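In what follows, a structure is listed as C-alpha cells, so that the remarks can point back to it.
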Amino acid sequence: MRHFIDIADLTKEEIEGLITLAEDIMRHPDGYAQICRGKKLATLFFEPSTRTRLSFEAAMLDLGGAVLGFSQADSSSVAKGESVSDTIRTVCYYADIIAIRHPKEGAPLLASQRSSVPVINAGDGGHNHPTQTLADLLTIHREKGRLGNLTIGLCGDLKFGRTVHSLITAMSCYEGVKFILISPEELRLPGYVRHGVLAGKNVEWVETRDLECALPELDILYMTRVQKERFFNEADYIRLKDSFILDQDKLKNTKPDLSILHPLPRVNEISVKVDDDPRACYFKQVEYGKFIRMALIMMLLEVQK
Ligand code: NCD
C-alpha cells in the first residue's frame, strides 16, 4: 500500500505516467466512469479549501466512487479534543482512501503512519501541497510540451506558500530548469528548500525582489497569494500583502508564449483584467486538477482500465 505525502514519493517516471493517464481520462472520460465503483474517498479538511476538496470529490465521483468527509475541523470530533491518530483509525473503517488537509506541518505523514488505507496530503500548513504540484505539472506539460529546459519565476509568498515548495522539489529533477525566486526579503524561500532541495540538484536559481526585471526571461510565471493565515502579526501581513500585483501593463515585456500560473485563491496579486489574456493559465490549472487527481486515486487504489 502506498501513500502520497510528498511529491518526492513519486519518481519522474511515475509522475509522467500520471500525466499520460490524466490526459487519457480527459480524452475518454466515459472509459473511466465506473472504474472505482464501490470505493469510497474520505476528505478530511481541517483547513479551508474550495478547489482541492471539490476536485478530489469530483474526481472520485467521476470514477464511479463515493465520497464522505468533513470540510471544517469544528464539525468533527476534533472539536471535542480527538487526535489526528484516532480520527484516522476511525475513518479507515469507512473509506478506502483518505485525502487530508491540516494546518500542522507533518500531520498527513502522521496520519499515513496510523492508516490502513492510502493517505494523500492535500496540504499541510506552510510545508507541502503535492497534489497541487501534480496539477501544475500537468498544466506546464500541456502548455509547453515539456517539463525541462524552462525558466520559472515563482513570485510572492515563497516562505509560507506550500505549493511553491512542492513545485520546486518536483521541477528541480528536470534538466535545464532555472528558478527565479521573486519575493520580499521577509517572504524568501525557507532555508530547508533552498539548501535541502536546490543545493543538492544541478539547478540554477537566483533571488530578486524585482518582478518587472525578471519577467522578460520567464517561460512560466507562478504567482502566489501572501498566506495571511500563517502570519503571527497582522501588521506584517498588511505591509506585505500587496508586494506584487500583476497587471496588463507589467505584461507588456514578456515572451509571447509565457504561461501565467497561480494555484488560487487569488486575492489581489493578479488583476482580473489579466484573466482573458491568452497567457493566463490559472483556470486551466483548476480544470486539470480534477483529472490528475483521478489518475492519482486510480494509482493508489491500484485500479486499472
Ligand atoms: C493553495 C493552498 O491551499 O495552499 N490553494 C490550493 O490548494 N489550490 C494556495 C493558497 O491557499 O494560496
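Summary of values
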{"read-out": "Close pairs from segment 201-213: first of a type in the set (Lys, Arg), partner in a loop (DSSP other than H, G, I, E, B), Cβ under 9 Å, at least 6 apart", "value": "Lys201/Ser172; Lys201/Cys173; Lys201/Val177; Arg209/Ser183; Arg209/Pro184; Arg209/Ser243"}
{"read-out": "Ser85 being assigned to a helix (DSSP H, G or I) and touching a strand residue (DSSP E or B) at 6+ places or on another chain (Cβ under 7 Å)", "value": "no"}
{"read-out": "Residue match in segment 155-162 (condition: on the phi > 0 side of the Ramachandran plot and within 16 Å of the ligand (Cβ to nearest atom))", "value": "yes"}
{"read-out": "Filtered residues of segment 268-305 (kept if among the aromatic types (Phe, Trp, Tyr) and open to solvent by less than 50 Å² (accessible area, probe 1.4 Å))", "value": "Tyr282, Tyr288, Phe291"}
{"read-out": "Evaluation of Ile182 against (1) touching a strand residue (DSSP E or B) at 6+ places or on another chain (Cβ under 7 Å); (2) surrounded by fewer than 16 Cβ atoms within 10 Å (Cβ to Cβ) (one fails), failing number", "value": "(2)"}
{"read-out": "Residue in segment 195-207 that is in contact with a strand residue (DSSP E or B) (Cβ under 7 Å, 6 or more places away or on another chain), open to solvent by less than 10 Å² (accessible area, probe 1.4 Å) and either more than 16 Å from the ligand (Cβ to nearest atom) or in a loop (DSSP other than H, G, I, E, B) (or both) present", "value": "yes"}
{"read-out": "Residue pairs meeting the criteria (Cβ under 9 Å; at least 6 apart or on separate chains; first within 19 Å of Glu186 (Cβ to Cβ) and modelled with pLDDT of 95 or more, in segment 158-175; second hydrophobic (A, V, I, L, M, F, W, C) and within 10 Å of the ligand (Cβ to nearest atom))", "value": "Leu158/Val164; Phe160/Val226; Gly161/Val226"}
{"read-out": "Single residue of segment 216-235 satisfying the filter (out of contact with any strand residue (DSSP E or B) (no Cβ under 7 Å at 6 or more places or on another chain) and of a type in the set (A, V, I, L, M)) that is nearest to the ligand (Cβ to nearest atom)", "value": "Val226"}
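Residue-wise test of (1) open to solvent by 20 Å² or more (accessible area, probe 1.4 Å); (2) not in a helix (DSSP H, G or I).
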| position | (1), (2) |
| --- | --- |
| Ile15 | no, no |
| Ile19 | no, no |
| Asp24 | yes, no |
| Ile35 | yes, yes |
| Ala42 | no, yes |
| Leu54 | yes, no |
| Met60 | no, no |
| Gly69 | yes, yes |
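The values are calculated or read from the model by the stated rules, or taken from the named source; none is laboratory data. Everything numeric in this text was worked out from a predicted model, so none of it was measured. So basically every Cβ, Gly included, is an ideal-geometry build from the backbone, and we count neighbours across all protein chains shown. Ligands, DNA and RNA are excluded from the accessible area calculation, which covers all protein heavy atoms including side chains. Shrake-Rupley method; radii C 1.70, N 1.55, O 1.52, S 1.80 Å.
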